[in-house]
1. Can you pull out every residue in region 243-263 that is touching a residue at least 24 places away in the same chain (Cβ under 8 Å) and over 24 Å from Ala323 (Cβ atoms)?
2. For Gly98, indicate whether it is under 16 Å from Pro14 (Cα atoms), assigned by TED's automatic domain parsing to the domain that holds Val178 and in contact with a helix residue (DSSP H, G or I) (Cβ under 6 Å, 6 or more places away or on another chain).
3. Name every residue in region 354-371 that is of a type in the set (Ser, Thr, Tyr) and within 13 Å of Phe192 (Cβ to Cβ), in order of residue number.
4. Looking at (1) assigned by TED's automatic domain parsing to the domain that holds Gly306; (2) within 25 Å of Gly100 (Cβ to Cβ); (3) in contact (Cβ under 8 Å) with a residue 40 or more places away in the chain; (4) not hydroxyl-bearing (Ser, Thr, Tyr), find the lone condition where Asp198 falls short.
5. Within region 252-272, is even one residue closer than 28 Å to Asn313 by Cβ, in contact with an Asp or Glu (Cβ under 9 Å, 6 or more places away or on another chain) and of a type outside the set (Gly, Ala, Ser)?
6. Which condition does Asp156 not pass, out of (1) of a type outside the set (Gly, Ala, Ser); (2) surrounded by 23 or more Cβ atoms within 10 Å (Cβ to Cβ); (3) touching a Ser or Thr at 6+ places or on another chain (Cβ under 7 Å), if it passes all the others?
7. Find all pairs meeting these conditions: Cβ atoms under 8 angstrom apart; at least six residues apart or on different chains; first residue within region 9-27 and part of a helix (DSSP H, G or I) and at pLDDT below 95; second residue charged (D, E, K, R) and surrounded by fewer than 20 Cβ atoms within 10 Å (Cβ to Cβ).
8. Just give me the residues in region 312-345 being in contact (Cβ under 8 Å) with a residue 60 or more places away in the chain and within 30 Å of Pro127 (Cβ to Cβ), in sequence order.
Amino acid sequence: MSERLRIIHCLRAPVGGLFRHVLDLSGAQAERGHDVGYVIDSTVADAQTEERLAKIAGHLRLGITRVPMGRLPGPRDLKTAWAICDAVRAMHADVLHGHGAKGGAFARLAARDLRRAGAHVATFYTPHGGSLHYSPTSPQGFVYTLIEKLLARYTDGLIFESDFIRRVYDRRIGALRVPRRVIPNALQPGDFTPHRPDRDAADFLFIGELRQLKGVDVLLQALARIAAVQPVRAVIVGAGPDAERFKGLASKLRLGELATFPGPMPAQKAFALGRCLVVPSRAESMPYVVLEAAAAQVPLIATSVGGIPEIVNGSDTPLIAPADVDALADAMRAFLNAPEDAKQRAERLKALVAERFTVARAADEVLAFYADRLGR
């Protein structure tokens, strides 16, 4: 679209795939001449996050506003919502785009109050799967579902990063009258750097948050079964709430140096540490690590969850059932026995994602949706 917009992206923690999504989208919007800014949590930061924020800051004409955002719903959220509303009012935003449960909630609450005061602002929400992973019968799931249903009335447009998340949202929340688009996560040209494993690279590599949902325990059990009969090594890259639990499990399984935990690092750097990426997740949305691995032509073993089937659709990349140690061990043995076959499948998957998942295409589709809902 040709008209310049003032766009605010609201998110809680500037980390992980959600932040990568926002960085790519906002960068492309700024390149197209729009005024862009962030509203993020002031209590979550690390060296890698600050480095990424510093790189994008020059493109953010509306700057970076930091306010404290709690991870779980609570009374303090009202104070945070008022602070965000005041900040956005001063920026004269045309678009408030919330990402994730907390970012989406604050964006829509701020837009509600701004419209009551006469402002013309459109609000968009991109669920990234977090709150939708909770069972609707659990206490947390019940609360999140109720909040999402209440906030749907203040939503001008829903943008889903996968058709899987759209289906989950429709089943759990409904809100079928809210206009929506499925616009998948996408890749930058630099993501298509060929995979070159280090000379001493491990056989298998995991990259992600170290928590139960990601299936690291399944990977460790499969690794132990293989190690009992043949040499094998794995590197577990990441950090998270279950890190010590997984290290304890590796010790209990007597893996020793066969499973190492070097901590978090960017995927492009981590890819060199392994010859095959394993994504043993129990649940996912549209994981960037799978897209990035496909772009880098990294051999892949992944579970058939979330949006992963949408990424490999049309290719001959096989997927396995989640939480199945036997299936994962079999897939890992297949790679060890025929690595060249896996490399050829990775080459074909790379060609496929290069056609379908580009940031330029995604940014154009999002901006067109903005314009449609703004009536411009």
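The values are calculated or read from the model by the stated rules, or taken from the named source; none is laboratory data. As the structure is a prediction and not an experimental result, all values here were calculated from the model. Every residue, glycine among them, receives a Cβ derived from its backbone with ideal geometry; neighbour counts consider all protein chains shown.
1. Residues satisfying the conditions are Glu257, Pro262, Gly263.
2. Criteria met by Gly98.
3. If the condition is that a residue be of a type in the set (Ser, Thr, Tyr) and within 13 Å of Phe192 (Cβ to Cβ), then Thr358 is the only one that fits.
4. (2)
5. Yes; the residues of region 252-272 include at least one that is closer than 28 Å to Asn313 by Cβ, in contact with an Asp or Glu (Cβ under 9 Å, 6 or more places away or on another chain) and of a type outside the set (Gly, Ala, Ser).
6. (2) is the only condition that Asp156 fails.
7. Gly16/Glu209; Phe19/Arg52; Leu23/Arg52
8. Pro322, Ala323, Asp324, Leu328
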